[in-house]
Amino acid sequence: MKVFVTGGAGYIGSVAVESLLKAGHEVVVFDSLYMGHREAVSEEAVFIEGDLSNQELVRQSLLDHRPNGIMHFASHTMVGESMEKPFMYLRENTVNALNLIEGAVEAGVERFILSSTANLFDDPESMPIAETERIVPGSPYGESKFIVERLLHWTQVTKGLRYACLRYFNAAGCTAEKGEDHTPETHIIPLVLQVALGQREKIMIFGDDYDTPDGSCVRDYIHVADLASAHILAMEALGEREFFRYNLGNGNGFSVKQVVETAREVTGHPIPAEIVDRRPGDPDILIADSTSIRRDLGWEPQYPDLKSIIQTAWDWHNNHPSGYTS
Ligand code: UDP
């Protein structure tokens with residue numbers, strides 16, 4: 001298949017591109033390089049530098065390439081930032097997606113896969129979180145993703161575009177070639193590894209008075225290569241099915257303190273840590289119930305444990321101490 005990947009120069013998108021190429025697909029990457037890195041895009045992929053807000057460019061790119069499927073990764077993704085810049089998130093994440101969806105319909109694209117988020121479930125009634133959980137977006141970011149899920153719903157109903165929403169929990173880990181390189185970095189695993197690399201004095205643990213076994217927040221870390229394989233399975237399954245939505249995680253929760261401890265084991269560095277105030281907006285526990293995608297698509301994570309995930313991240317960061325510019 002020919003797959004059009006928005007955000008293919010970003011952290012998760014670049015790994016999806018790598019996996020698609022390995023599986024024999026043709027890939028066209030569309031990325032503004034606002035957060036992504038040109039070096040992260042595999043050489044075999046066609047690259048278009050462009051912003052999804054440019055509706056005419058999106059439309060023309062899709063008409064030129066006429067892909068069979070779209071994987072839509074490009075968006076603003078930070079919960080905290082979205083609380084400070086709600087209109088940027090609510091406008092750009094939704095309007096840009098609509099430009100893409102409209103272009104997809106015009107170009108006769110058959111399948112659309114959306115990167116959605118666990119931030120749809122701010123106040124879950126049960127843990128782990130299944131697809132039946134009621135949706136309560138936790139931020140303008142989460143709300144923007146939910147709106148895009150609804151845009152896809154109505155496009156499927158009215159125009160027949162098949163779609164899948166994959167609601168990720170905490171993406172983590174690296175492949176040998178593709179890694180996590182955000183500026184500024186806010187995610188726990190790369191920050192902990194920066195301490196081990198001597199680039200940061202210590203890690204700040206945001207709160208140890210949560211309602212969890214050790215008081216620090218519990219999250220479900222899922223390897224980016226496992227996210228990528230879920231996307232490919234979803235793309236294939238849309239040949240048979242009109243639409244579906246799945247929660248995507250390992251189904252195991254690890255606390256921030258466990259992340260730091262595991263990183264100490266993997267790196268052999270003492271990684272000094274300091275407990276500081278809570279970060280606004282962090283729920284105590286987020287764990288995915290991924291039973292449905294395992295059952296329906298046969299998805300099986302290759303990195304089900306935290307240690308192997310952190311090991312892959314450590315390998316990449318060791319080889320790329322300054323990220324993609326290394
Ligand atoms: N966290 C932390 N210190 C940091 C960065 C993150 O204690 O310097 C915590 C954060 O409060 C959350 C967990 O690590 O409980 C995962 O945060 P991250 O930003 O990696 O992902 P998110 O859960 O926000 O998607």
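Every number in this text was worked out from the coordinates using simple rules, so none of it is lab data. Model, not experiment: these values are computed from the prediction. Cβ coordinates were reconstructed from backbone atoms using ideal geometry, including for glycine residues, and neighbour counts include every protein chain displayed.
So, residue 53, is that one of a type in the set (S, T, N, Q), on the phi < 0 side of the Ramachandran plot and under 16 Å from the mean Cα position of the chain (by Cα) or not? The answer is no for residue 53. Of note, residue 245 does not satisfy the criterion of being basic (Lys, Arg), in contact with a helix residue (DSSP H, G or I) (Cβ under 8 Å, 6 or more places away or on another chain) and either within 16 Å of the ligand (Cβ to nearest atom) or under 26 Å from residue 203 (Cβ atoms) (or both). Can you spot a residue in segment 130-153 that is within 14 Å of the ligand (Cβ to nearest atom), assigned to a loop (DSSP other than H, G, I, E, B) and touching a residue at least 40 places away in the same chain (Cβ under 8 Å)? Yes - at least one qualifying residue is present in segment 130-153.
Screening residue 177 against (1) more than 30 Å from residue 266 (Cα to Cα); (2) surrounded by fewer than 16 Cβ atoms within 10 Å (Cβ to Cβ); (3) away from the ligand (no atom under 16 Å from the Cβ) leaves a single unmet condition, (1).
Select from segment 105-119 the residues that are farther than 14 Å from residue 289 by Cα and within 16 Å of the ligand (Cβ to nearest atom) and list them in ascending order. Listed by number, the residues that qualify are 115, 116, 119.
Of all residues in segment 184-222, which are more than 7 Å from the ligand (Cβ to nearest atom) and of a type in the set (Lys, Arg)? Answer for segment 184-222, where residues must be more than 7 Å from the ligand (Cβ to nearest atom) and of a type in the set (Lys, Arg): 200, 202.
Okay, residues lined up against (1) outside any strand (DSSP E or B); (2) in contact with a strand residue (DSSP E or B) (Cβ under 7 Å, 6 or more places away or on another chain); (3) more than 23 Å from residue 166 (Cα to Cα):
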{"position": "281", "(1), (2), (3)": "yes, no, no"}
{"position": "293", "(1), (2), (3)": "yes, yes, no"}
{"position": "303", "(1), (2), (3)": "yes, yes, no"}
{"position": "321", "(1), (2), (3)": "yes, no, yes"}
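For segment 189-247, filtered to residues that are crowded, with 19+ Cβ neighbours inside 10 Å and polar (S, T, N, Q), the residue that is farthest from residue 6 (Cα to Cα) is 216.
One residue is enough: does segment 311-322 have a residue meeting the conditions closer than 30 Å to residue 215 by Cβ, β-branched (Val, Ile, Thr) and within 22 Å of the chain's Cα centre (by Cα)? Looking for residues that are closer than 30 Å to residue 215 by Cβ, β-branched (Val, Ile, Thr) and within 22 Å of the chain's Cα centre (by Cα), one finds at least one in segment 311-322, hence yes. Against the conditions (1) assigned to a loop (DSSP other than H, G, I, E, B); (2) buried (at least 19 other Cβ atoms within 10 Å of the Cβ); (3) of a type in the set (Gly, Ala, Ser); (4) more than 16 Å from the ligand (Cβ to nearest atom), residue 126 satisfies every one except (2). Is there a residue being surrounded by 18 or more Cβ atoms within 10 Å (Cβ to Cβ), touching a Gly at 6+ places or on another chain (Cβ under 8 Å) and part of a loop (DSSP other than H, G, I, E, B) anywhere in segment 249-268? Taking every residue of segment 249-268 in turn, none turns out to be surrounded by 18 or more Cβ atoms within 10 Å (Cβ to Cβ), touching a Gly at 6+ places or on another chain (Cβ under 8 Å) and part of a loop (DSSP other than H, G, I, E, B).
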